[in-house]
Structure formats: C-alpha cells, structure tokens
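The next block holds one structure in the form of structure tokens; read it before the comments.
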C-alpha cells in the first residue's frame, strides 16, 4: 500500500531496522516490495545512530597523556583534528557527556544510482550497470556519486570534538584498524560495540 501511494505522488515516510542505509533496499524486497518499484519510487534513505555528546563545560583537548589518545589516533589514522576527551563535572553528573547527537548516512538515489537499486534487490541489472571501468554494485555507485558512510560522519564529529571515539565504538561497528590492534583494546571492528540508542533507517 505504501509503494502504491508513493507511485501516485504521495510522500511516504517509513522506518525499518537494517545495519545501514543501503541495506534498506534488500530488506524492503524481503518484505515483498518489487525491486523495480523501489527503483522508480525511492527518494531517500537515512541511517542514524544516537551517541552521547561531550559536555561543553568540562571536556578537554585530547592529548597523548590521555588514555584514549592512542586508540583514537589509530582509528582516525593519526588525523585527530580538534578531538576532545571526557572529564566529568557537576553539570554532567561526572559522566563527561551531556545530551545526544546523531551520526548519520543519507542515500539519495539519482539517475546514476537508480539502475543499481534493482540489482541490489536481486533483480536483473539495467543496461547502465557494469559498464567498463564503472561501478558494479550499488555501494560503489553511491560512493561514486558522493555517498558517505556513517563511519565518515562519525569520524568528522570526533575530529570536531563533539563526541569521542570510544562513544562511537560503543554504539556502532566500524571498519578500521586490523583485528590484531583492536583485540588489544578489546574492540574489534568485526564485532558489535554495544547497542545503539537508535538503530533505524528512514526511507522516503
């Protein structure tokens, strides 16, 4: 019914649980939506997680003396920008965090990526898919058009000093350092790092 409404010009908003924005497409197909209809009607998909925001009253610059410095520098490939660390004060009840912010990724289908939606949904690829030297998957096509994965937004917010790398890893699985390095810290990118406060994808 939702897809039929979208085909008649209505703006339909929905939520579903997947691991990322692009994963919403095969999930919708699993729920019975034909891939060719998604190709025609899907306008946007946003995946988000909520993380704790550093307390503005007590956060401090992240320095080599801080216990999180080495781990943060490794995950951010030594480009920590203006990263900050939690401290704790009366304003945040000693937690070092106050409030929440979202880390997100947004997929906006366009003429270049729509042919790959049908492919991602298990359908027959369109004529523009697989051209020599071009993308062969929806993910490749989306990235070529400027799509940034959730981890990219997370890294930007750590470098900006809005949250910490340990908080990001608490709520979201990232691909980064090799497993041998992360095993030493007890956090492998191949394993979930806790539960997210909000793990849902919004499709329009």
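If we keep just the residues of the stretch 55-67 that are surrounded by 15 or more Cβ atoms within 10 Å (Cβ to Cβ) and in contact with a helix residue (DSSP H, G or I) (Cβ under 8 Å, 6 or more places away or on another chain), which is farthest from residue 152 (Cα to Cα)?
Applying the filter and picking the extreme gives 58.
Select from the stretch 72-91 the residues that are under 25 Å from the mean Cα position of the chain (by Cα), surrounded by fewer than 20 Cβ atoms within 10 Å (Cβ to Cβ) and not in a loop (DSSP other than H, G, I, E, B) and list them in ascending order.
73, 74
Can you name the condition, by its number, that residue 88 falls short on among (1) out of contact with any strand residue (DSSP E or B) (no Cβ under 7 Å at 6 or more places or on another chain); (2) closer than 24 Å to residue 173 by Cα; (3) touching a residue at least 24 places away in the same chain (Cβ under 8 Å)?
So residue 88 meets the others, but not (2).
Within the stretch 1-23, which residues are in contact with a helix residue (DSSP H, G or I) (Cβ under 8 Å, 6 or more places away or on another chain) and part of a helix (DSSP H, G or I)?
Result: 3, 6, 7.
Could you check the stretch 138-195 and list, in sequence order, the residues that are at pLDDT below 50 and touching a helix residue (DSSP H, G or I) at 6+ places or on another chain (Cβ under 8 Å)?
Listed by number, the residues that qualify are 181, 185, 187, 188, 189, 190, 193, 194, 195.
Scan the stretch 25-54 for residues that are loosely packed, with under 13 Cβ neighbours inside 10 Å and in a strand (DSSP E or B) and jot them down.
Matches in the stretch 25-54: none.
Return a yes/no flag: does the stretch 119-134 have any residue that is more than 24 Å from residue 35 (Cβ to Cβ), at pLDDT 65 or above and assigned to a loop (DSSP other than H, G, I, E, B).
no
Within the stretch 61-71, can one find any residue that is closer than 23 Å to residue 148 by Cβ, part of a helix (DSSP H, G or I) and either touching a strand residue (DSSP E or B) at 6+ places or on another chain (Cβ under 6 Å) or at pLDDT 90 or above (or both)?
yes
The values are calculated or read from the model by the stated rules, or taken from the named source; none is laboratory data. Quantities reported herein were computed from a predicted structural model and do not represent experimental measurements. Every residue, glycine as well, gets a Cβ built from its backbone with ideal geometry; the counts of neighbours run over all protein chains shown.
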